[in-house]
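What follows is a short report on a single structure.
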Amino acid sequence: MAAPMQCGVETQSSESSMSLKKALTAVSPLTLRIVAECPVTKARACELALPHCTVSTPVFMPVGTQGTLKGITVDQLESLGCQICLGNTYHLGMRPGPELIEKANGLHGFMNWKRNLLTDSGGFQMVSLVELSEVTEEGVRFKSPYDGKEILLSPEKSVSIQNSLGSDIMMQLDDVVSSTVSGPRVEEAMHRSIRWLDRCIAANKNPDKQNLFAIIQGGLNAELRRACLEEMTKRDVPGFAIGGLSGGEEKDDFWRMVTLSTDHLPREKPRYLMGVGYAVDLVVCVALGCDMFDCVFPTRTARFGSALVPWGSVQVKHKQYAKDFQPIDPDCQCPTCKRHSRAYLHALFKSDTAAMHHITIHNISYQLSLMRSVRQSIVEGRFPQFIQTFMRRMFLSRDQYPSWAVDALASVNITLE
Amino acid sequence: MHLELTRVVQGSGRLGVLRGLSRTRPHHSLETPGCLLYTHLGSVPHLTQDTLHTLKDLPSVTQVTLSDIAEHQEVLESFKEGFRKFAGLHDTVLYCSLHDPAALCPAGYTTNKTVSVWGSGGRMELTVTKFMSLQKCTQPDWYTSMADGETWQVNTTRKRVRKSVDRTLAHLDECLLLHHKLPELEEVSVFGVVEGGDIVDERLRSARETAKRPVVGFCLDGFQTGFMEPSVRAQLIAAVTEELPEDKPRLLPGVGRPDEVLACVEAGVDVFEGFFPFQVTERGCALCFRFDVTPDPESAGRAPPAVLELNKEEEVVRNGNVNRDDQTQMTPFEINLKDKRYEDDFGPLVKGCGCYSCQNHQRAYLHHLLVTNELLAGVLLMIHNTSHYLGFFKALRAALASDQLELLKRRVMEAGGRESD
Ligand SMILES: [Zn+2]
Ligand SMILES: [Zn+2]
């Protein structure tokens with residue numbers, strides 16, 4: 001199960017190639033080298049050098065909420081070519097807690113993951129999972145679901161936990177408002193997120209080892225987004241996330257906010273679109289200029305027997321696959337597809353959890369190879385053709401293309417055939 | 001199939017190699033005493049092929065059960081190429097048993113002509129014809145013939161035991177008759193099933209009669225953990241194996257605890273089912289008993305370790321509290337990683353263990369995975385427990401070869417697992 005050691009090699013090549021290298025502040029443990037930019041769309045292919053290895057972008061980052069990726073070992077994840085994955089600060093802060101993880105040499109040591117980790121701020125989970133949470137200028141106040149104790153998650157506390165976790169990329173605590181809310185609360189949250197960003201920057205004990213990303217807020221209001229972008233880009237943070245989206249808003253609003261954000265974000269810093277992971281969304285948002293993505297969907301849906309394929313998904317548990325002796329995707333190179341048939345996986349779902357692991361591996365492999373193909377096409381200057389082929393394969397006919405995707409792509413000069 | 005015995009010591013077991021396990025895989029062999037690879041529908045529980053093959057020296061024989069397979073008969077019939085290929089297993093010998101040793105099998109569903117198995121969709125009744133049509137589409141290398149093993153309940157009468165022996169012999173004859181008519185099973189071997197409950201003369205009759213049939217080995221049924229008192233079992237097994245030809249293997253289903261394995265090896269058993277590590281995994285535990293027989297300088301200065309209180313356990317059985325549910329309870333051979341004491345224990349599951357889990361992870365991490373109900377807990381525990389259990393069998397064979405079985409028994413009985421270091 002030896003993993004391809006792309007890491008070291010790519011770091012070297014990024015050092016030797018001077019052409020497009022843009023230096024960040026001297027202390028930032030992050031370097032972004034733009035390898036290629038699509039001449040038609042806003043897409044770009046980069047080498048993102050982080051403390052544990054270099055990440056090729058655009059990249060999809062699988063989510064390992066509790067310090068583990070749903071039944072997959074770190075060796076398996078590594079051999080799928082994963083260079084960065086997520087951990088959740090809220091969950092890990094509760095159990096096993098920052099002190100213990102610090103004793104285990106950070107989350108890397110605790111889960112024995114040799115490559116990069118990104119941790120969220122914990123704010124999103126708090127607002128979405130914990131009912132009794134109250135947001136004030138101080139932070140998010142909530143009752144622990146484990147012992148009922150009242151806890152305050154302040155920007156300082158969030159960064160302190162993330163410092164203990166030792167992630168390569170930390171996220172600022174932001175004031176999260178549902179993307180379907182509008183009005184003064186959105187504006188308040190945007191301004192507060194800026195103030196909290198400054199507190200997070202000040203609280204970071206390891207700026208030489210851990211990168212703190214800002215999160216652009218402003219809901220679906222273009223004015224607020226622009227204001228937030230203007231303020232936050234004044235700060236010398238190593239990267240930016242586009243937040244407050246992917247929460248049930250209209251796709252038409254979603255893509256407009258994404259493209260507005262990338263328009264105003266500095267070219268030489270990575271852009272991370274939070275919570276996005278459906279294949280079509282990934283391809284479109286790469287075209288809009290985003291570099292990094294994460295989503296629980298591919299691994300969550302795997303446990304229900306849904307395998308992702310270039311034409312959508314295969315619901316392995318459905319009866320129609322009981323006697324289907326081909327692999328999930330005959331063209332897929334993952335360990336599952338190389339060995340097992342839909343029929344066997346269908347049967348195994350009735351007998352053992354290993355069935356879920358097989359689909360999880362396939363889905364992670366699908367997401368990662370999709371992003372590798374996207375990247376390859378950008379490097380080779382044929383991303384626009386890639387999009388055409390991708391869309392044709394994903395949808396039965398042109399009239400099934402989602403209109404938001406058609407519009408979004410048209411905004412970056414791609415007319416779908 | 002034939003058993004090459006390299007060493008036989010009366011009353012302390014036989015050491016050998018089982019060869020010719022499969023005509024299509026002539027180089028595969030199984031060292032005995034040994035265990036089979038336990039699976040759910042051909043997959044070792046929780047594991048994919050990648051995680052399974054982090055383990056070295058896996059048993060060359062994989063066990064599948066009709067309770068898993070029966071509901072997929074139609075699928076296998078349209079697949080046509082046998083279960084091994086269906087399950088993506090390439091290089092293994094396939095053994096097909098009737099029941100899953102780790103699953104409960106309710107009583108009261110056996111008739112003169114049928115036995116029942118329980119799959120994910122519930123109970124399925126098998127006649128000999130149905131049983132053989134399942135073997136035909138499974139195409140294992142060997143299987144045990146259909147048997148009525150319902151003699152384990154308290155107060156089973158002599159009459160019922162006799163009936164079980166008669167039925168099982170009749171089933172065997174019918175299976176063999178059909179077997180020889182099926183060209184698909186030409187290369188396949190049959191194990192005969194020895195029944196007889198706890199009645200010596202019925203056991204002997206069953207053994208003698210089964211041995212007269214063209215079977216390659218014997219499955220000693222009805223001795224499953226919890227079915228009878230261990231000392232009674234050992235005496236009965238010893239009596240039965242006396243009657244069986246030396247050169248044919250004896251398989252004991254449903255016994256997996258290391259102490260019981262040792263006792264049954266002494267009574268003459270060669271092959272066990274490998275389900276015990278799975279049961280330990282399901283209760284969130286890690287096997288940690290010792291089986292090293294070379295003196296360990298590190299522990300030499302320690303106080304003598306506590307010895308298992310076997311008497312207490314026997315009492316439970318004698319009180320008639322024979323319950324297969326007992327199999328879900330922790331044994332002294334394991335530690336419970338959910339226990340808070342392991343929360344900040346940064347040591348491996350077992351010091352010196354070479355398995356993937358111990359080489360890469362710590363008890364504290366396993367504790368965390370268990371309390372957060374994460375799927376990886378089952379994966380890592382299953383890897384370690386399987387590795388530990390296979391190590392035990394290897395040590396058992398080495399001890400037989402070097403006359404150190406007594407020492408091994410003492411070592412295994414030490415409650416070493418209770419130490420948290
Ligand atoms: Zn695949
Ligand atoms: Zn181990």
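The values are calculated or read from the model by the stated rules, or taken from the named source; none is laboratory data. Keep in mind the model is a prediction, meaning the values are calculated, not measured. Reconstructed Cβ throughout: ideal geometry from the backbone, glycine too, with neighbour counts over all protein chains shown.
Brief remarks follow.
- When residue A:330 is tested against (1) crowded, with 21+ Cβ neighbours inside 10 Å; (2) within 12 Å of ligand 1 (Cβ to nearest atom), just one condition goes unmet, and that condition is (1).
- The number of residues in segment A:39-76 being in contact with a Leu (Cβ under 7 Å, 6 or more places away or on another chain), under 20 Å from residue A:384 (Cβ atoms) and surrounded by 24 or more Cβ atoms within 10 Å (Cβ to Cβ) comes to 2.
- Some residue of segment A:362-381 being in contact with a Lys or Arg (Cβ under 6 Å, 6 or more places away or on another chain) and within 11 Å of chain B (Cβ to nearest Cβ): no
- Any chance residue B:350 is in contact (Cβ under 8 Å) with a residue 60 or more places away in the chain, within 16 Å of ligand 2 (Cβ to nearest atom), crowded, with 22+ Cβ neighbours inside 10 Å and not in a helix (DSSP H, G or I): yes
- Per this entry, residue A:260 is not counted among residues that are in a strand (DSSP E or B), among the aliphatic types (A, V, I, L, M) and either farther than 19 Å from residue A:409 by Cβ or more than 16 Å from ligand 2 (Cβ to nearest atom) (or both).
- Residue A:79, sole failed condition from (1) modelled with pLDDT of 95 or more; (2) within 14 Å of chain B (Cβ to nearest Cβ); (3) under 22 Å from residue A:212 (Cα atoms): (3)
- Matching residues, segment A:286-304, being free of Cβ contacts under 8 Å to residues at least 60 places away in the same chain and more than 14 Å from every other protein chain (Cβ to nearest Cβ): A:297
- Of all residues in segment B:355-389, those being touching a residue at least 40 places away in the same chain (Cβ under 8 Å) and either within 16 Å of residue A:71 (Cα to Cα) or in a loop (DSSP other than H, G, I, E, B) (or both) number 12.
- Residue, nearest to ligand 2 (Cβ to nearest atom), within segment B:256-288, restricted to residues that are within 14 Å of chain A (Cβ to nearest Cβ) and part of a helix (DSSP H, G or I): B:281
- Selection status of residue A:275, at positive phi, in contact with a Ser or Thr (Cβ under 6 Å, 6 or more places away or on another chain) and surrounded by fewer than 24 Cβ atoms within 10 Å (Cβ to Cβ): yes
- Some residue of segment B:48-65 being more than 13 Å from chain A (Cβ to nearest Cβ), surrounded by fewer than 18 Cβ atoms within 10 Å (Cβ to Cβ) and of a type in the set (A, V, I, L, M, F, W, C): yes
- Residue A:116 meets each of the listed conditions (1) closer than 22 Å to residue A:61 by Cα; (2) at pLDDT below 95 apart from (2).
- Residue in segment A:244-251 that is of a type in the set (D, E, K, R) and under 13 Å from residue A:169 (Cα atoms) present: no
- The combined condition, being charged (D, E, K, R) and either part of a loop (DSSP other than H, G, I, E, B) or surrounded by fewer than 23 Cβ atoms within 10 Å (Cβ to Cβ) (or both), is not fulfilled by residue A:281.
- Restricting attention to segment A:341-356, the residues that are over 19 Å from residue A:308 (Cβ atoms) and in contact (Cβ under 8 Å) with a residue 40 or more places away in the chain add up to 1.
- Every residue from segment A:82-115 that is charged (D, E, K, R) and at the interface with chain B (Cβ under 7 Å from one of its Cβ atoms): A:95, A:103
- Residues of segment A:314-349 satisfying the condition of being within 11 Å of chain B (Cβ to nearest Cβ) and either in a loop (DSSP other than H, G, I, E, B) or within 16 Å of ligand 2 (Cβ to nearest atom) (or both): A:322, A:323, A:324, A:325, A:327, A:334, A:340, A:341, A:349
- Checklist (1) more than 9 Å from chain A (Cβ to nearest Cβ); (2) surrounded by fewer than 21 Cβ atoms within 10 Å (Cβ to Cβ); (3) touching a His at 6+ places or on another chain (Cβ under 6 Å) applied to residue B:406, failing item: (3)
- The selection criterion, being within 14 Å of chain A (Cβ to nearest Cβ) and assigned to a strand (DSSP E or B), holds for residue B:117.
- Test: residue in segment B:245-255 that is assigned to a helix (DSSP H, G or I) and surrounded by fewer than 24 Cβ atoms within 10 Å (Cβ to Cβ): no
- Qualifying positions in segment A:246-274 - modelled with pLDDT under 95 and under 16 Å from the mean Cα position of the chain (by Cα): A:246, A:247
- Being crowded, with 17+ Cβ neighbours inside 10 Å, under 20 Å from the mean Cα position of the chain (by Cα) and away from chain A (no Cβ under 14 Å) is a property that residue B:22 has.
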